[in-house]
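What follows is a short report on a single structure.
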Amino acid sequence: MGVYEVIQTRRTIRRFAQTPLSAVQLRDYVDAARLAPSGANLQPLKYVIVQSEEMVNRMFEHVRWAAYIAPEGTPEADERPTAYIAQIADLEIKKSGYELDAGAAMENILLAAEEDGVGACWMGAIDYAQISKMLGLKETEKLIGVAALGVKAEQPVEEAWQGDVKYYKDETGTLHVPKRPLDEVILGEI
């Protein structure tokens, strides 16, 4: 699958089969993040791979799912992620301005997972303080976000733009994700 096809097929996944991901897969996703562009090539981002059943269950307690379709957006016990990757800024390397690096790196994780057939959910609605404590982060390490990962147990579809950004589930349980049309996001061609 080419990069553009991976980009076109990637959707946020919130339902996962309970098949564990391998340590090699998870390390590969972090490696993809490591290779993302970084301002001044400072590379201030670090990662914690959360894959033990105990830690995955603890992490689940500190993340929130799919506000537009709550509570239906929260995975059931047999649909939860089987791993997480926490993204951290090392403030000893760069005190601020790492957000662009973080976005590029997280997207690399999502795309590498998609190419692998693994579902991912980039999460920012999390309890930063509790997760930071759980991961044992130092004061110079700032949690930026997490990616929930696992084998896909759903196949969301892109929805034609109808003037609303809210995703929804249809009567069959399929998640529909509206995307603005290309001509609406291109402001000009000069």
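The values are calculated or read from the model by the stated rules, or taken from the named source; none is laboratory data. These numbers come from a predicted model, not from an experiment. All Cβ positions, glycine included, derive from the backbone under ideal geometry; neighbour counts span all protein chains shown. Heavy atoms of the whole protein, side chains included, go into the accessibility calculation; ligands, DNA and RNA do not. Shrake-Rupley method; radii C 1.70, N 1.55, O 1.52, S 1.80 Å.
Given charges of +1 on the Cβ of Lys and Arg and -1 on the Cβ of Asp and Glu, with all other atoms neutral, how large is the dipole of the range 112-185 about its Cα centre, in debye to the nearest 20? Before the final figure, lay out the partial values.
Values: 8 positive and 14 negative charges, 83 e Å.
Dipole of the range 112-185, to the nearest 20 debye: 400 debye.
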Next on the checklist: For a quick check: with amide H placed at 1.01 Å from N, whose amide H comes under 5 Å from GLY119's, ignoring anything fewer than 5 positions away on the same chain?
Outcome noted: GLY150, VAL151, LYS152
Item to check | Residue-wise HN-Hα coupling along the range 178-188, computed from phi with Karplus coefficients 6.51, -1.76, 1.60 (Hz; x: Gly, Pro) | outcome: x, 10, 4, x, 4, 5, 7, 9, 8, 6, x
Next on the checklist: Rounded to the nearest 10 Å², what accessible area does ASP170 have for a 1.4 Å probe in the complete protein model?
Outcome noted: 40
Checklist outcome for this item: Per the C-alpha gyration tensor (a ≥ b ≥ c, the square roots of its eigenvalues), the range 87-152 is rounded if a/c is under 1.5, else prolate if a/b beats b/c, else oblate; here it's oblate
Item to check | Accessible area (Å², 1.4 Å probe, nearest 10) - ASP78 | outcome: 110
Next on the checklist: Take the chain, mark every one of the GluC sites (Glu not before Pro) that falls in a DSSP loop and has at most 16 other Cβ within 10 Å, then report the longest stretch left between them, sites excluded.
Outcome noted: 1-60
Checklist outcome for this item: Everything considered on the Cα gyration tensor (a ≥ b ≥ c; rounded for a/c under 1.5, else prolate if a/b is larger than b/c, else oblate), the range 132-186 must be described as oblate
Checklist entry - With all protein chains present, how much of the accessible area of the chain (probe radius 1.4 Å) comes from carbon and sulfur, to the nearest whole percent? => result 51
Item to check | Residue-by-residue Karplus 3J(HN,Hα) for the range 110-119, coefficients 6.51, -1.76, 1.60, Hz, glycine and proline x | outcome: 4, 6, 5, 5, 4, 4, 7, x, 9, x
Item to check | Spatial separation of Cα centroids for the range 113-136 and the range 1-46, in angstrom | outcome: 12
Item to check | Estimated vicinal HN-Hα couplings, Hz - the range 145-159 in sequence order (Karplus 6.51, -1.76, 1.60; Gly, Pro = x) | outcome: x, 9, 10, 8, 9, x, 5, 5, 10, 8, 9, x, 10, 6, 10
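If you place +1 on the Cβ of every Lys and Arg, -1 on the Cβ of every Asp and Glu, and leave all else neutral, what size is the dipole of the chain about its Cα centre, to the nearest 20 Debye? Could you put the intermediate results ahead of the total?
On the way: 20 positive and 30 negative charges, 113 e Å.
That gives the chain a dipole magnitude of about 540 debye.
For the chain, just say rounded, prolate or oblate: build the C-alpha gyration tensor, square-root its eigenvalues into a ≥ b ≥ c, call rounded for a/c under 1.5, and beyond that prolate if a/b exceeds b/c, oblate if not.
Details: a/c = 1.62, a/b = 1.16, b/c = 1.40.
The shape class here is oblate.
Exposed loop sites here are trypsin sites (Lys or Arg not before Pro) in DSSP loop states with at most 15 other C-beta atoms within 10 Å. What is the longest stretch of the chain lacking them? Don't skip to the answer; put the middle values down first.
Details: sites that count: ARG64, LYS95, LYS138, LYS166.
Longest gap between qualifying sites, sites excluded: 1-63.
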Next on the checklist: Which of THR19, THR172, THR140 ends up with the largest GNM mean-square fluctuation for the chain, with Cα atoms connected below 10 Å?
Outcome noted: THR172
Item to check | Heavy-atom accessible area per residue - the chain, 1.4 Å, Å² | outcome: 57
